[in-house]
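Heads up, the thing below is written out as structure tokens.
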């Protein structure tokens, strides 16, 4: 039982780290004209820290591609809210919602595809 718990924690840490490594460059590139790099890093880490554990630990295993896609839609929405909050409340700048939404879609699609490929071909559940 305890070995299973530790393996779940280890697997989550690997998946979370891989997600951040994949998504951060996307956000840095796509949002570079909307906010500074520090705010982008904070937004990426904050939004992934909010969403990743929920879908990893609290929701049932997603077996189908459709359930993974639906979960990612929820993640995209939350990540958009985090970046919009940073942009409009913290930085006190309006607009940029379309760019934020596009970057969240690209970042999460890329991390979903890489995760599914890792799960399928590397036999590592990421």
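The values are calculated or read from the model by the stated rules, or taken from the named source; none is laboratory data. Computed from a predicted model, the values in this text were never measured in an experiment. Ideal geometry is used to build each Cβ from the backbone, glycine not excepted, and the neighbour counts take in all protein chains shown.
Annotations
- From the list 100, 105, the lone residue that is under 11 Å from the mean Cα position of the chain (by Cα), in a helix (DSSP H, G or I), crowded, with 16+ Cβ neighbours inside 10 Å and at negative phi is 105.
- When residue 91 is tested against (1) more than 14 Å from the chain's Cα centre (by Cα); (2) within 16 Å of residue 42 (Cβ to Cβ); (3) modelled with pLDDT of 85 or more, just one condition goes unmet, and that condition is (3).
- In segment 108-126, the residue that is surrounded by the most Cβ atoms within 10 Å (Cβ to Cβ) out of those that are in contact with a helix residue (DSSP H, G or I) (Cβ under 6 Å, 6 or more places away or on another chain) and assigned to a loop (DSSP other than H, G, I, E, B) is 126.
- Applying the set (1) more than 23 Å from residue 122 (Cβ to Cβ); (2) in contact (Cβ under 8 Å) with a residue 60 or more places away in the chain to residue 50 leaves exactly one unmet item: (2).
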